[in-house]
Amino acid sequence: MSRTSLVIIAVLLLCGLPASAHAATGSVVSCKTISFDKKVVRGISLPCLDNQSSLIYQSIRGPVVVNVFGSWCEPCNQEIPHFLELQTTHKVSIIGIDVEEPNMKVGRNFVVKKGITWPVLFDTTSVTRGIFGLGVPVTWFIDSKGRVTFKHIGLITSTAQLKSEVRKYLKITL
């Protein structure tokens, strides 16, 4: 990495601006990075906030942490820093599902503002209520076979708690 690049990153960090390329450019992460089973052709299809792809929820394969949130949800906002910290380990994938927004633009703006650097699906019609229930935040831990190994309903209060659940329910050493 060049000296100029290091200086730019340092300035961004000192100014409190997101250092992520996606956040810095005002874009969201493509959902094409999500691991899924191509044999699954039926289920709930959700568009990606990248506005270029969609995915059948039931096809997702892990190990992955799926966080269901809304920009309007204060507990959801409170737990984002814990997911950002988990993302820095590069040991487990994270997928967001944004629910109950008035439109995709609101979701995209929220993701960019918060510096979210993982793919985010968008539930345009609240169809996932049948899977996740009515309240958010909800975090699911899904293994490589697509099985839900744990459902955390409510606020994740610390990075230590989130990492502990990843270790316990996805068997990943962080």
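For segment 59-93, filtering for residues that are surrounded by 21 or more Cβ atoms within 10 Å (Cβ to Cβ) and more than 12 Å from the chain's Cα centre (by Cα) leaves 2. Counting only residues that are outside any loop (DSSP other than H, G, I, E, B) and β-branched (Val, Ile, Thr), which one in segment 110-134 is farthest from the chain's Cα centre (by Cα)? Selected residue: 131.
Checking the structure you have, find out if any residue of segment 88-100 is farther than 22 Å from residue 174 by Cα and assigned to a loop (DSSP other than H, G, I, E, B). Among the residues of segment 88-100, at least one is farther than 22 Å from residue 174 by Cα and assigned to a loop (DSSP other than H, G, I, E, B), which makes the answer yes.
Restricting attention to segment 135-149, the residues being assigned to a loop (DSSP other than H, G, I, E, B) and not polar (S, T, N, Q) number 7.
Picking from residues in segment 138-174 that are in contact with a Gly (Cβ under 7 Å, 6 or more places away or on another chain) and surrounded by 14 or more Cβ atoms within 10 Å (Cβ to Cβ), the one that is farthest from residue 45 (Cα to Cα) is 170. Does at least one position in segment 150-159 carry a residue that is in a helix (DSSP H, G or I), free of Cβ contacts under 8 Å to residues at least 12 places away in the same chain and either in contact with a strand residue (DSSP E or B) (Cβ under 8 Å, 6 or more places away or on another chain) or of a type in the set (S, T, N, Q) (or both)? No, that holds for no residue.
Bear in mind these aren't lab numbers, they're just calculated from the coordinates by the rules spelled out. On a predicted model such as this, the values are computed, not experimentally measured, just so you know. Heads up, the Cβs are rebuilt from the backbone with ideal geometry, glycines too, and the neighbour counts pull from every protein chain shown.
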